[in-house]
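Reviewing the structure listed below.
All of the numbers you see were taken from the coordinates with simple rules; none came from a lab. Keep in mind that this is a model prediction, so the values were computed, not measured. Virtual Cβ from ideal backbone geometry, glycine too; neighbours counted across all protein chains shown.
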Amino acid sequence: TTYKVSVLVGSLRKASYNRKLAELMVKIAPITLSLEIIEIGDLPLYNEDLDENPPTSYTSFREKIRASDAILIVSPEYNRSVPAVLKNALDVGSRPYGKSVWNEKPTAVITASTGSIGGFGANHHIRQSLSFLNMPCMQQPEAYLGHIDDAFDNLGNLNERTHTFVKNIIEAYDKWVRRLLDIPV
Ligand code: FNR
């Protein structure tokens, strides 16, 4: 079985390190996973009033998440917490009440920041929401990539050590997702 994985990137900037890491994972993921980056930058700030007649950006985002088997989050840390754009996407997918598209989707959270603690604060703030949204989280291996600006050279190539680390994460995630989802319910 090939599982469909929706990848959410918590940074909107063009040269984002997190996007580069996400694109790398799309490329090097085992063939049993099919990764696709789902854009979240065009989702208006969540407002319950909009759900009386939801914008197509909301409905198409929700449909893409609903159709996926698992989720991969790759995000920087903003002010020791979750970038608003990522939290907004989680909020949009969680509503209308009782119709959350996140329920039971296995999820891994990878954070990369230029600071030395690798987005640890953001990583665990995200997990607080994932816990409420009933999204099982991969616990190990953990992925807090600090000083991520030093891991790329001027041409945008990732150093070998970080490349190997990212490869290990995506392979562990593949095994973990299959352990959860290969079991018929
Ligand atoms: C940051 N940055 C940052 N880094 C960190 O390690 N801890 C933090 O709390 C913050 N806070 C923060 C707030 C805001 C508003 C910005 C814009 C940035 C720095 C951040 O890690 C750096 O900009 C990364 O390059 C962002 O990731 P992308 O965009 O390269 O994926």
**Request:** Starting at the first residue of segment 98-105, write each ³J(HN,Hα) from the Karplus equation 6.51 cos²θ - 1.76 cosθ + 1.60 with θ = phi - 60°, in whole Hz, x for Gly and Pro.
**Result:** x, 10, 4, 8, 8, 3, 6, 7
**Message:** Run the simple label-point estimate for residue 64 and residue 27 please: 7 Å along Cα→C-beta, distance reported in nm.
**Reply:** 2.1 nm
**Item:** Candidates per chymotrypsin sites (Phe, Trp or Tyr not before Pro) in segment 94-185, loop by DSSP, up to 16 other Cβ within 10 Å
**Value:** 97
**Complete:** If one compares the long axis through the Cα atoms of helix 120-132 with the longest principal axis of the Cα atoms of the chain, the angle in degrees, nearest 10, works out at 30 degrees
**Asked** Over what distance in Å are the Cα centres of segment 131-185 and segment 19-36 separated?
**Response** 10 Å
**Request:** Neighbouring Cβ atoms within 10 Å as the yardstick, rank 125, 163 fewest first.
**Result:** 163, 125
**Item:** Förster radius 25 Å - calculated FRET efficiency between residue 2 and residue 53, Cβ distance, rounded to 0.05
**Value:** 0.10
**Prompt:** Given charges of +1 on the Cβ of Lys and Arg and -1 on the Cβ of Asp and Glu, with all other atoms neutral, how large is the dipole of segment 3-181 about its Cα centre, in debye to the nearest 20?
**Reply:** 360 debye
**Complete:** Taking R0 as 25 Å and r as the Cβ-Cβ distance between residue 157 and residue 14, the FRET efficiency 1/(1 + (r/R0)^6), rounded to the nearest 0.05, comes to 0.90
**Prompt:** Straight-line reach from residue 64: which lysines have a Cα under 24 Å away, not including same-chain ones fewer than 8 places off?
**Reply:** 4, 14, 20, 27, 87, 99, 105, 175
**Fill in**
Quick calc: nm separation of the 7 Å Cα→Cβ label points for residue 114 and residue 175 -> 3.6 nm
**Asked** Of all the stretches in the chain, which is the longest one without any exposed loop site, taking trypsin sites (Lys or Arg not before Pro) in a DSSP loop (any state but H, G, I, E, B) with at most 11 other Cβ atoms within 10 Å?
**Response** 15-185
**Asked** Going out from 0 in 5 Å bins, what whole percent of all Cα-Cα distances in segment 136-185 drops into each bin?
**Response** 4, 17, 23, 18, 14, 10, 7, 4, 2, 0
**Fill in**
Taking every C-alpha to C-alpha distance in the chain and binning by 5 Å from 0, the per-bin percentages run 1, 8, 17, 21, 21, 16, 9, 4, 1, 0
**Prompt:** Among 128, 53, 141, whose Cα sits farthest toward the positive end of the charge dipole of the chain (+1 at Cβ of Lys/Arg, -1 at Cβ of Asp/Glu, about the Cα centre)?
**Reply:** 141
**Fill in**
Footprinting proxy, 49, 69: sorted fewest to most Cβ within 10 Å, the residues are 49, 69
**Exposed-loop-free span, longest in the chain, where GluC sites (Glu not before Pro) count as exposed if DSSP calls them loop and at most 15 other C-beta atoms lie within 10 Å** = 40-103
**Prompt:** What angle do you read, to the nearest 10 degrees and between 0 and 90, between the alpha-carbon axis of helix 56-66 and the longest principal axis of the chain?
**Reply:** 70 degrees
**Request:** Arrange 32, 111, 56 by Cβ neighbour counts within 10 Å, fewest through most, would you?
**Result:** 56, 32, 111
